[in-house]
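The values are calculated or read from the model by the stated rules, or taken from the named source; none is laboratory data. Note that this is a predicted model, so its numbers are computed, not measured. As a convention, Cβ positions derive from the backbone with ideal geometry for all residues, glycine included, and neighbour counts pool all protein chains shown.
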Amino acid sequence: MLLENKVIVVTGAASPRGIGKATAKALAAQGARVVILDLRKEDAQAAAADLGPEHLGLACDVTDKDACVAAARATLERYGRIDGLINNAGITQPVRTLEIGARDFDAIVDVNLRGTLYMSQAVIPAMKEQNGGSIVCMSSVSAQRGGGIFGGPHYSAAKAGVLGLAKAVAREFGADHIRVNSITPGLIQTDITGDKLTPDMRAEIIKGIPLGRLGDAADVANACLFLVSDLSTYLTGITLDVNGGMLIH
């Protein structure tokens, strides 16, 4: 068991076919006690119950710092420690540059970037006290290639911000043995993308992927498992591409 007796928090993990839920399952399978955070308490609790009685579901809006602190506090009250955080919560929006309004921009940046900061701030004190921890931040291939399939430029900007934030936090807290790394998924088949991808679009996208297929949520989940486990103890501040070779540097 790679994560026996470890306590891992996963944000945005209630969606049945999402990356967060797949990650929670992968972590639980390796012995972790998983804390699932999502906007609705009922959804978070149901997702946690799917994993087993030793797991916890909590309501948390990651754009609300007090809510993030409260979720971290509840986790500590239940388990006494926090070993890992998967900053998975995110939203996207297919809006072009000249159509991006202030409300659009704020919504995308708040969840994807501000939420990553707030939740990291909430768990870092506990990780410092226990002299170790691992934080995984979810970015996107769109941050690297300048735009994605479904997300607008403000989404690319927010996800690029995640990369910079993760590297800075990794540098700041390395002495406390807190590792901070990022994952940049390519096009992953989830509830968010499932109903938007036509057969023609799918075929055209796959032409540009050397491995010849779209990604599954489990592909990203396994990368999260690697980064949050002791298999990656000498990795911090890295960006791990999970895109089937879509963006070979």
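Just a few scattered comments:
- Any hit, the range 79-99, residues being under 16 Å from the mean Cα position of the chain (by Cα), surrounded by fewer than 16 Cβ atoms within 10 Å (Cβ to Cβ) and either of a type outside the set (Lys, Arg) or closer than 29 Å to His177 by Cα (or both): yes
- Residue match in the range 52-62 (condition: over 20 Å from Leu39 (Cα atoms) and either touching a helix residue (DSSP H, G or I) at 6+ places or on another chain (Cβ under 7 Å) or of a type outside the set (D, E, K, R) (or both)): yes
- Residue that is farthest from Thr236 (Cα to Cα), among those in the range 161-206 that are at pLDDT below 95 and in a strand (DSSP E or B): Gln189
- Checked against the criterion of being in a helix (DSSP H, G or I) and at pLDDT 95 or above, the candidates Asp219, Asp241 yield just one match: Asp219.
- Of the helices (runs of 4 or more DSSP H) contained entirely in the range 54-160, those carrying at least 2 residues that are in contact with a Lys or Arg (Cβ under 8 Å, 6 or more places away or on another chain) and farther than 17 Å from Lys6 by Cβ fall at 115-129, 141-145.
- Single condition Ile36 does not satisfy, out of (1) within 21 Å of Ile183 (Cβ to Cβ); (2) out of contact with any helix residue (DSSP H, G or I) (no Cβ under 8 Å at 6 or more places or on another chain); (3) free of Cβ contacts under 8 Å to residues at least 40 places away in the same chain: (2)
- Each residue in the range 26-50 was checked for being under 17 Å from Leu2 (Cα atoms) and in a helix (DSSP H, G or I), and 4 of them qualify.
- Here is the figure for the range 222-238: residues that are part of a loop (DSSP other than H, G, I, E, B) and touching a residue at least 60 places away in the same chain (Cβ under 8 Å) total 3.
- For the range 14-25, filtering for residues that are outside any loop (DSSP other than H, G, I, E, B) and surrounded by 24 or more Cβ atoms within 10 Å (Cβ to Cβ) leaves 6.
- If the condition is being crowded, with 23+ Cβ neighbours inside 10 Å and without any contact (Cβ under 8 Å) to a residue 60 or more places away in the chain, then the range 137-150 contributes Cys137, Ser140, Ser142, Ala143.
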